[in-house]
Each structure stands twice: as structure tokens, then as C-alpha cells.
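K.L.:
Okay, here's the structure, questions in a sec.
The values are calculated or read from the model by the stated rules, or taken from the named source; none is laboratory data. None of the values given here were measured: they were computed from a predicted structure. Heads up, the Cβs are rebuilt from the backbone with ideal geometry, glycines too, and the neighbour counts pull from every protein chain shown. Side chains included, ligands, DNA and RNA excluded: accessible areas come from the protein's heavy atoms. Shrake-Rupley method; radii C 1.70, N 1.55, O 1.52, S 1.80 Å.
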Amino acid sequence: MQDEAGHGLYLYSAAETLGADRAELLDLLHQGRQRYSSIFNYPTLNWADVGAIGWLVDGAAITNQVPLCRCSYGPYARAMVRICKEESFHQRQGFEILHVLAHGTSAQRAMAQNAVDRWYWPSLMMFGPPDAESAHSEQSMAYKIKRFSNDDLRQRFVDMIVPQADALGLTLPDPDLRWNAERGHYDFGPIDWAEFKQVLKGNGPCNRQRLAHRRAAHAEGAWVREAARAHAAKRAAREEREGSAA
């Protein structure tokens, strides 16, 4: 969670270089008017979820974000370089956690498989809607902010994780998943985009709970922000006095 908070700070700083006010962005988030990754609205039930999130969720994030390290906007690209270095560690850690569980007791293996079953499809949704339904992809591609389309990145991710799942000895929950020699890629089944849209609308499994926790944390941390502002003002006044005396 600490790393994810750090990633958020990188991106808020990048947004500020475009003139966005961080306080206003946070207000939009707390009001439910600013979207964040759909994946953060799913529950974590047990230790195996830590592995599945590391392997699948961070693996999807890496697939999406590595190309952004070379996007057209420098502050965003530099933030992504730092984020991807951390995500790579998380992805490897998640793979190792699942490997241990999958080769442990029957209960541990079942727990690992259950976690993969629950996190696989939401991870595919992380890349966003199909290209034909993606409202902002065309403009982002034209400005070279995005370098590959949603569907291209999703296909790249599936092609990457299928052999990894085989190495783990776990099954991906898609009966339509099979190698297509003609395309040179894996075919995979239809994604439940109705679920994805409901999550974006705030009706996911944990949307309300997660936003409520975020609002509470912001309110409870008000005294820290006030103290920081008071300290900054006091320091600025002291430096001004010292500058005048000199």
C-alpha cells in the first residue's frame, strides 16, 4: 500500500506540471467524480490474493506502463520509469508466492487457484474497454501519450501469462483460452464488460467501502496538513526576516 501511495504521488506531481491543483483532484476523487483503476474495487480475501495481485495485477500494470516510459510527455514518462521498477519487484514476488502455495498442501494449492480464478478477469479489464469503445484512445495515441492500444496490450499480457501459469501449475479460468497458430497469439474468451462498467460507475464489490476509507483517512489527516502548512509559513517568514537583515 505504501508503494501504491507513492505511485499516486508521482502521478499527482505529473498532473501538477500541467497546471492541475492537487487539492482539487483529491476533491474530485472523494466526490466519486474522478476515476481510478477498476482493479482497486475488488476485495482481498486471503494471503493467496497477495500473490495473485502481484503476479496478475502488477503484471498487467507493467505491460501497460512500460511503453509509457517512452511516451511523449516527459514528467509522465519519468514517473512511469520509477513506477515500473517497483512493479517489476511486486510481480516477481507475487509469482514466487503463488509458486510456493501451488506446490504446498492441497489447501494451499486450492487457495492459490481460487485467488487466480477471482483476479484473472479483472486483470484483463485493467487495460480498459475494447478499442472500438475506448473514448480517449484515439487522441492519446495521436499525441503519443499511449503507444499501444488497449486490445494490443491485453493480447500481449495474455500471451505472457499463459506459459507462466503453466510453470506455476495453475489454471487460468478461461475455457476458450487456446493457442492460435495462424495468429501467433492465444485466443481468449469474452470479457464481461457489463461488470467493468458497473465498477466504473461506483457499483463494484468494494467501491463505496474504498472511497469511504479514503475520505475518512483524508479527514483524519487534516491536522497533519495544517501543521505542515503552518511550519512552511513559519519557515518562509523566518527566511524573509533573515534576508531582510542581511
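K.L.:
Looking at D58, D49, which is the one that is open to solvent by less than 10 Å² (accessible area, probe 1.4 Å), among the charged types (D, E, K, R), assigned to a helix (DSSP H, G or I) and touching a Phe, Trp or Tyr at 6+ places or on another chain (Cβ under 9 Å)?
P.N.:
D49
K.L.:
One residue is enough: does the range 127-135 have a residue meeting the conditions at pLDDT 95 or above and of a type in the set (A, V, I, L, M, F, W, C)?
P.N.:
yes
K.L.:
When both residues are 6+ apart or on different chains and their Cβ atoms are under 7 Å apart, which pairs have a first residue that lies in the range 118-132 and is touching a residue at least 40 places away in the same chain (Cβ under 8 Å), and a second that is surrounded by fewer than 18 Cβ atoms within 10 Å (Cβ to Cβ) and assigned to a helix (DSSP H, G or I)?
P.N.:
P129/W193; P130/D151
K.L.:
Have a look at R214, R208, R225 and point out the one that is open to solvent by 100 Å² or more (accessible area, probe 1.4 Å), of a type outside the set (A, V, I, L, M), in a helix (DSSP H, G or I) and at negative phi. I'd like the intermediate steps shown before the answer.
P.N.:
Details: R214 fails: open to solvent by 100 Å² or more (accessible area, probe 1.4 Å); R225 fails: open to solvent by 100 Å² or more (accessible area, probe 1.4 Å).
Result of the check over R214, R208, R225: R208.
K.L.:
How many residues does the range 81-113 hold that are touching a helix residue (DSSP H, G or I) at 6+ places or on another chain (Cβ under 7 Å), of a type outside the set (S, T, Y) and either free of Cβ contacts under 8 Å to residues at least 60 places away in the same chain or more than 30 Å from K144 (Cα to Cα) (or both)? Spell out the reasoning first.
P.N.:
Within the range 81-113, the subset touching a helix residue (DSSP H, G or I) at 6+ places or on another chain (Cβ under 7 Å) is 81-84, 86-88, 90-91, 93-95, 97-99, 101-102, 108-109, 111-112.
Adding the requirement that they be of a type outside the set (S, T, Y) leaves 81-84, 86-87, 90-91, 93-95, 97-99, 101-102, 108-109, 111-112.
Checking which are either free of Cβ contacts under 8 Å to residues at least 60 places away in the same chain or more than 30 Å from K144 (Cα to Cα) (or both) leaves us with 81, 84, 87, 91, 93-95, 97-99, 101-102, 108-109, 111-112.
Counting residues in the range 81-113 that are touching a helix residue (DSSP H, G or I) at 6+ places or on another chain (Cβ under 7 Å), of a type outside the set (S, T, Y) and either free of Cβ contacts under 8 Å to residues at least 60 places away in the same chain or more than 30 Å from K144 (Cα to Cα) (or both) gives 16.
K.L.:
Could you say which residue among L11, L18, L28 is within 27 Å of K197 (Cβ to Cβ), free of Cβ contacts under 8 Å to residues at least 24 places away in the same chain and hydrophobic (A, V, I, L, M, F, W, C)?
P.N.:
L28
K.L.:
Could you check the range 54-81 and list, in sequence order, the residues that are among the charged types (D, E, K, R) and more than 14 Å from the chain's Cα centre (by Cα)?
P.N.:
Of everything in the range 54-81, those that are among the charged types (D, E, K, R) and more than 14 Å from the chain's Cα centre (by Cα) turn out to be R70, R78.
K.L.:
Could you please let me know if L11 is aliphatic (A, V, I, L, M), open to solvent by less than 80 Å² (accessible area, probe 1.4 Å) and within 14 Å of Y76 (Cα to Cα)?
P.N.:
yes
K.L.:
Looking at (1) open to solvent by 70 Å² or more (accessible area, probe 1.4 Å); (2) at pLDDT below 95, which one does T105 not meet, given that it meets all the others?
P.N.:
Of the numbered conditions (1) open to solvent by 70 Å² or more (accessible area, probe 1.4 Å); (2) at pLDDT below 95, the odd one out for T105 is (2).
K.L.:
Same structure, new question: Criterion first (part of a helix (DSSP H, G or I), open to solvent by 40 Å² or more (accessible area, probe 1.4 Å) and modelled with pLDDT under 95) does Q164 satisfy it?
P.N.:
Spelling it out, it is not the case that Q164 is part of a helix (DSSP H, G or I), open to solvent by 40 Å² or more (accessible area, probe 1.4 Å) and modelled with pLDDT under 95.
K.L.:
Inside the range 43-53, can you point out the residues that are more than 11 Å from the chain's Cα centre (by Cα) and not aromatic (F, W, Y)?
P.N.:
P43, T44, L45, N46, A48, D49, V50, G51, A52
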